[in-house]
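Below: one structure, written as structure tokens.
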Amino acid sequence: MTKIRAAITGVGGYVPDTILSNKDLERLVDTNDEWIISRTGIRERRILKEPGKATSDMAVMAVRDLLSKRGLEPDDIDLLILCSVTPDMIFPASANLITHKLGTSKPWGFDLAAACSSFLYGLHVGAQFIQAGTHKRVVVVGSDKMSAIVDYTDRNTCILFGDGAGCVLLEPSEDDCGIMDAILRSDGAGAEFLRQKAGGSLNPPSHETIDAREHFVYQEGKTVFKFATTNMADVSRRIMDRNNLSAEDVQWLVPHQANKRIIDYTAEIMGLPEEKVLMNIERYGNTTSATLPLLLWDYEKQLRKGDNLILATFGGGFTWGSMYVRWSYNS
Ligand code: UT7
């Protein structure tokens, strides 16, 4: 019997118009363009400025882009998974808000949070519904309005993050393309190094938590950097080895866009030259759950049917993982 795989059969994306450049940040905190570029690879990021607009609104724009490119309607979706650390509110799930704004109540949906690894986890979860044969069209969205939780007085973190949304459509495929393999990992021992200290059930919002700026992203950059570098490279190398892929067999590395230095190290361990590494960190910074789908969106025209892609990620939790995808269409 032919194996049914979950294939990525469409991509959508959205970034807000407002640009926050390194020069703009120089006016907010004690930093400079040269430091940010050399330590991170980031030149600018996009910020969702419009009042009353949230993560779900960017997700809606990305999904509309995907549907129009594929000639589909919102009612054609069976399941929508929103991957995010900045949902519009804690409940109800923002997946519901997205489908409502798209004008449909046909798909069911839920939110999935695994920090910067959310999208890769979501892709793996969505693929299970396709492979089980119970769902025909699953949309996985990564959307984050990081500007809502970034402290623009903290130079350690505010230079890193940006806002954006990207999504993919998963459909069944019998032509040996699609999601071939995945390695997903997590280790809660890392939780203390990258987190939002207050706002949840442990430390509910109070005047004290607001005064202590505990609703913003907190990160011990050096510790996270070390763990990220070692582990993203490790799972990326391992997924190549267990699928007998040499560096020549891999056409593209699709890495989480947290820091260019982490990406360069991962590519080096995989033996991949720079031209095989998808990168847009320079323009968008770290958009958390949106980095991987935004890369696929930006580079869609260069991806050819049959290309071997390695998706790789790392984030708070700690969470990390890699996925081997054989690309399924020419656009
Ligand atoms: O996506 C989720 C996962 N997150 C990550 O993967 C992020 C991982 N961490 C990183 O990318 C890096 O650790 C950072 C980019 C956050 C920081 O880079 P670093 O090379 O680790 O710098 P550092 O924290 O060791 O700081 C080096 C120096 C320090 O000064 P001294 O103590 O050497 O005098 C910092 O105070 O740079 C200083 N510094 C800055 N200078 C200018 C820290 N932030 C800034 C800044 N501008 N924004």
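The values are calculated or read from the model by the stated rules, or taken from the named source; none is laboratory data. This one's a predicted model, so the numbers in the text were calculated from it and none came from an experiment. Note: ideal-geometry Cβ built from the backbone for every residue, glycine included; neighbour counts use all protein chains shown. Note: areas computed on protein heavy atoms with side chains; ligands, DNA, RNA excluded. Shrake-Rupley method; radii C 1.70, N 1.55, O 1.52, S 1.80 Å.
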Worksheet entry | In the range 223-246, the residues that are open to solvent by 20 Å² or more (accessible area, probe 1.4 Å) and over 23 Å from Ala191 (Cα atoms) | Arg237, Arg238, Asp241, Arg242, Asn243, Asn244, Ser246
Discussion item. Looking at the range 40-50, can you tell me whether even one residue there is within 16 Å of the ligand (Cβ to nearest atom), open to solvent by 20 Å² or more (accessible area, probe 1.4 Å) and out of contact with any Ser or Thr (no Cβ under 9 Å at 6 or more places or on another chain)?
Written reply: no
Discussion item. Looking only at residues that are under 18 Å from Ser147 (Cβ atoms) and outside any loop (DSSP other than H, G, I, E, B) in the range 196-224, which one is farthest from the ligand (Cβ to nearest atom)?
Written reply: Ile210
Worksheet entry | Among residues of the range 1-38, those that are in contact with an Asp or Glu (Cβ under 9 Å, 6 or more places away or on another chain), in contact (Cβ under 8 Å) with a residue 40 or more places away in the chain and part of a loop (DSSP other than H, G, I, E, B), counted | 6
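Restricting to the range 294-319, name every residue that is assigned to a strand (DSSP E or B) and out of contact with any Cys (no Cβ under 9 Å at 6 or more places or on another chain).
Of everything in the range 294-319, those that are assigned to a strand (DSSP E or B) and out of contact with any Cys (no Cβ under 9 Å at 6 or more places or on another chain) turn out to be Asn308, Leu309, Ile310, Leu311, Ala312.
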Worksheet item: In this structure, does Glu282 turn out to be of a type in the set (Asp, Glu) and in contact with a strand residue (DSSP E or B) (Cβ under 9 Å, 6 or more places away or on another chain)?
Response: yes
Worksheet item: Could you count how many residues in the range 125-160 are under 18 Å from the mean Cα position of the chain (by Cα), of a type in the set (A, V, I, L, M, F, W, C) and open to solvent by 10 Å² or more (accessible area, probe 1.4 Å)?
Response: 4
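Just to be sure before I move on: is Asn330 open to solvent by 10 Å² or more (accessible area, probe 1.4 Å), at pLDDT 95 or above, within 14 Å of the ligand (Cβ to nearest atom) and not acidic (Asp, Glu) in the structure I sent? So that I can check it myself, show each step before the final result.
Details: open to solvent by 10 Å² or more (accessible area, probe 1.4 Å): yes; at pLDDT 95 or above: yes; within 14 Å of the ligand (Cβ to nearest atom): no; not acidic (Asp, Glu): yes.
Spelling it out, it is not the case that Asn330 is open to solvent by 10 Å² or more (accessible area, probe 1.4 Å), at pLDDT 95 or above, within 14 Å of the ligand (Cβ to nearest atom) and not acidic (Asp, Glu).
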Response to the item:
Note on the range 1-39: residues within 16 Å of the ligand (Cβ to nearest atom) and open to solvent by less than 20 Å² (accessible area, probe 1.4 Å) are Asn22, Leu25, Val29, Ile36
Fill in: So Arg283, is it in a helix (DSSP H, G or I), touching a residue at least 24 places away in the same chain (Cβ under 8 Å) and more than 14 Å from the ligand (Cβ to nearest atom)
yes
Practice prompt. From Ile90, Ile36, Ile81, grab the single residue that is over 23 Å from Pro172 (Cβ atoms) and touching a Leu at 6+ places or on another chain (Cβ under 8 Å).
Written response: Ile36
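Here is a yes/no grid of residues against (1) closer than 22 Å to Glu300 by Cα; (2) without any contact (Cβ under 8 Å) to a residue 60 or more places away in the chain; (3) among the small types (Gly, Ala, Ser):
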site: Ser56; (1), (2), (3): no, no, yes
site: Val60; (1), (2), (3): yes, yes, no
site: Arg64; (1), (2), (3): yes, yes, no
site: Leu67; (1), (2), (3): yes, yes, no
site: Leu80; (1), (2), (3): yes, no, no
site: Ser84; (1), (2), (3): no, no, yes
site: Met89; (1), (2), (3): no, yes, no
